[in-house]
1. Which of the residues that make up region 42-64 are among the hydrophobic types (A, V, I, L, M, F, W, C) and within 16 Å of residue 234 (Cα to Cα)?
2. For residue 143, indicate whether it is of a type in the set (Ser, Thr, Tyr), in contact with a strand residue (DSSP E or B) (Cβ under 6 Å, 6 or more places away or on another chain) and surrounded by 24 or more Cβ atoms within 10 Å (Cβ to Cβ).
3. I'd like to check something: does region 76-95 contain any residue that is closer than 25 Å to residue 225 by Cα and either at pLDDT below 95 or of a type in the set (S, T, N, Q) (or both)?
4. Out of the strands (runs of 3 or more DSSP E) lying entirely within region 14-95, which hold 1 or more residues that are without any contact (Cβ under 8 Å) to a residue 40 or more places away in the chain?
5. Can residue 148 be described as touching a residue at least 60 places away in the same chain (Cβ under 8 Å), surrounded by 18 or more Cβ atoms within 10 Å (Cβ to Cβ) and among the basic types (Lys, Arg)?
6. Name the residue that is nearest to the chain's Cα centre (by Cα), counting only residues in region 200-220 that are under 20 Å from residue 87 (Cβ atoms) and aliphatic (A, V, I, L, M).
7. Filter region 77-115 down to residues that are among the aliphatic types (A, V, I, L, M) and in contact with a His (Cβ under 7 Å, 6 or more places away or on another chain) and give me whichever is nearest to residue 223 (Cα to Cα).
8. State all residues of region 217-245 that are among the charged types (D, E, K, R) and closer than 21 Å to residue 21 by Cβ; if no residue qualifies, say none.
Amino acid sequence: MVEPRKPQHIRIPPEKLAKRVIAVGDPARAKYLAEKFLEDAELVNEERGFLIYTGKYNGVPVSVAVHGVGAPSAAIVFEELRMLGAEVIIRLGTAGGLVEYLEIGDAVVATGAAYIHGGTIGSYVPDACMVAAPDPRLTTLLYEEAKRHHGKAYLGPVFSSDAFYAEDKEFVKKWSSRGIIAVEMEVAALYALAALRGYKASAILVISDNLAVPGKEELKHHEELVSYVDKAARAALEALTKYNP
């Protein structure tokens, strides 16, 4: 009999983690969201910089967890969140637009994630391309909440890149011609592991730059996006706490 795996980086007892989790890349964003939106927020994990805050939103237990940058880091966190009992994970992050109609601050609810075969996901499934798709009911609810709280929200697939600085002049054309509307780094890992490990997942992303529009390629940071992130966070928290797995 195989012994159950134990988390090596999120070293907390399962009762310290809520079954519903908002996952973010930036530790500063996790702290901000916990303090602004959660009732009785408690910092329960600091190991390896993977901060986790647990509190309540509208009376429902919720955790905000940091997954770091890129699929290798994120996969560790998604795996260990699941080991500790997480049942629903929504990634709240930023993305670069690949189509002209996306404005800075718009929200994208990711209906799927393309990725280049190999890397982190290829380590799990080396002989095929893994389906990287969200839970449809959770995603529909998240989109409805995004329209209600954010206003400018779009549904569409994203590309999860393993290299932040790898874009070239053909990058936008290559991926947008395949129907991809934005680029980020972790959604494919979130969705692939959801299928493999049995949790429900979706993602909402705030557009921080647009690689398809000259003059809008410069990345906007948290301070410049905070009003948009607030709206996306509200949508994510509402969907997370209303969803019935």
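The values are calculated or read from the model by the stated rules, or taken from the named source; none is laboratory data. Only a predicted model underlies this, so the values are computations on that prediction, with no experimental measurement involved. In this analysis, Cβ positions are derived from the backbone assuming ideal geometry, glycine residues included, and neighbour counts consider all displayed protein chains.
1. Passing the criteria: 60, 62, 64.
2. Answer is no for this residue.
3. yes
4. The qualifying strands (runs of 3 or more DSSP E) are 39-45, 52-57.
5. no
6. 203
7. Among those residues, the one meeting the criterion is 107.
8. 230, 231, 234, 238, 242, listed by residue number.
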